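Novice: What follows is a structure written as structure tokens; I'll ask about it next.
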Amino acid sequence: MEAYRLAREKFAATLSGKGAALKGARWNSIGVELIYTACNRSLAMAEVAVHFTLATLPGDYRMITIFIPDDISLKKLNISDLPTDWNTFPPPSATQAIGDQFIADNKYCVLQIPSAVTQGDYNLLINPNHPDFGSIKIISANKFPFDKRIFK
């Protein structure tokens, strides 16, 4: 399968989870490495766009296409598996606890979870510490200019 991620040019060549660990996010606490990806390019774009205005949007984004083997260990969570406030902003600590436990258990390499930004789409969270992580590869990292109409 393929997954997608938008990243600034200087971070587009590697998959590490270190960026997410610096500040924490919806599915991880500070200090917990997790790689956020999306099941499609549009969701990858939406996940980034919600954090910027046109004036603050950096111009050096790359759309990273990531190969994830079909037989990778994957756990799927549905909305019914999540706390009622899972998609609120700022994210609740309960969702961070879910991602932190996913990393701590180290049982699965990928966690499929519903997107808080685009209803009906899914994010794929990758555990960079899992033994199967080495089989996940970047296929391409192409320049990705945002269409300015998105920010009107």
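A short reminder: the numbers here are calculations on the coordinates, not readings from a lab. Being a predicted model, the structure only gives us computed values, none of them experimental. Cβ atoms come from the backbone with ideal geometry, glycine included; neighbour counts cover every protein chain shown.
Novice: Count neighbours as other Cβ atoms within 10 Å of each site's Cβ, and list the chymotrypsin sites (Phe, Trp or Tyr not before Pro) in segment 1-87 that are DSSP loop with at most 14 such neighbours. Intermediate results must be reported in sequence, preceding the final value.
Specialist: On the way: sites: Tyr4, Phe11, Trp27, Tyr36, Phe52, Tyr61, Phe67, Trp86; in loops: Trp27, Phe52, Trp86.
Passing sites in segment 1-87 are Phe52.
Novice: Lys10: which lysines have alpha carbons under 25 Å from its alpha carbon, excluding same-chain residues fewer than 8 sequence positions away?
Specialist: Partners found: Lys18, Lys23, Lys137, Lys143, Lys148.
Novice: Sort Met45, Met1, Met63 so that the residue with the fewest other Cβ atoms within 10 Å of its own Cβ comes first and the one with the most comes last. The partial results should precede the final answer.
Specialist: Working: Met45 21, Met1 12, Met63 17.
Taking fewest neighbouring Cβ atoms as first place, the list is Met1, Met63, Met45.
Novice: Next question. Please order Thr84, Thr118, Thr14 by the number of other Cβ within 10 Å, starting at the fewest. Mind showing how you got there, number by number?
Specialist: Details: Thr84 9, Thr118 18, Thr14 14.
Ordered from fewest to most neighbouring Cβ atoms within 10 Å, Thr84, Thr118, Thr14 come out as Thr84, Thr14, Thr118.
Novice: Grab the DSSP H runs of the chain that are 4 residues or longer, score each as -39,500 (n - 2.57), total them, divide by all residues and round the 222 nm result to the nearest 500 deg cm²/dmol.
Specialist: Theoretical 222 nm ellipticity from helices: -5500 deg cm²/dmol.
Novice: Tally Lys/Arg at +1 and Asp/Glu at -1 over every other residue whose Cβ is under 9 Å from the Cβ of Thr95; what's the total? List each step's numbers first, then the result.
Specialist: Numbers: positive: Arg26; negative: Asp85.
Residues near Thr95 contribute 0 overall.
Novice: Calculated from the structure, Cα extents along the principal axes in Å equals which of [x] 41, 34, 28; [y] 51, 33, 24; [z] 47, 31, 25?
Specialist: Correct label, based on the coordinates given: [x].
Novice: Give me the extension gain from Leu74 to Val50: residue separation times 0.36 nm, minus the current Cα-Cα distance, reported in nm with one decimal. Display every interim value, and only then the final one.
Specialist: Values: separation 24, 0.36 × 24 = 8.64 nm, distance 2.68 nm.
Gain on stretching Leu74 to Val50: 6.0 nm.
Novice: Say the dipole of the chain comes from +1 at the beta carbon of Lys and Arg and -1 at that of Asp and Glu; which of Ala25, Pro145, Leu125 then lies farthest toward its positive end?
Specialist: Pro145
Novice: How much net charge surrounds Asn142 when only the other residues with a Cβ under 13 Å from the Cβ of Asn142 are counted, with Lys and Arg +1 and Asp and Glu -1? Don't skip to the answer; put the middle values down first.
Specialist: Values: positive: Arg5, Arg41, Arg62, Lys143; negative: Glu9, Asp60.
Cβ neighbours under 13 Å give a net charge of +2.
Novice: Can I ask one more? How charged is the neighbourhood of Pro69? Take every other residue with its Cβ under 14 Å from the Cβ of Pro69, and add Lys/Arg as +1 and Asp/Glu as -1.
Specialist: Details: positive: Lys137; negative: Glu2, Asp70, Asp71, Asp132.
Neighbourhood net charge equals -3.
Novice: Return the single residue from Leu125, Leu77, Leu111 with maximal mean-square fluctuation; model: Gaussian network over the chain, springs between Cα atoms under 10 Å.
Specialist: Maximum among the listed residues: Leu77.
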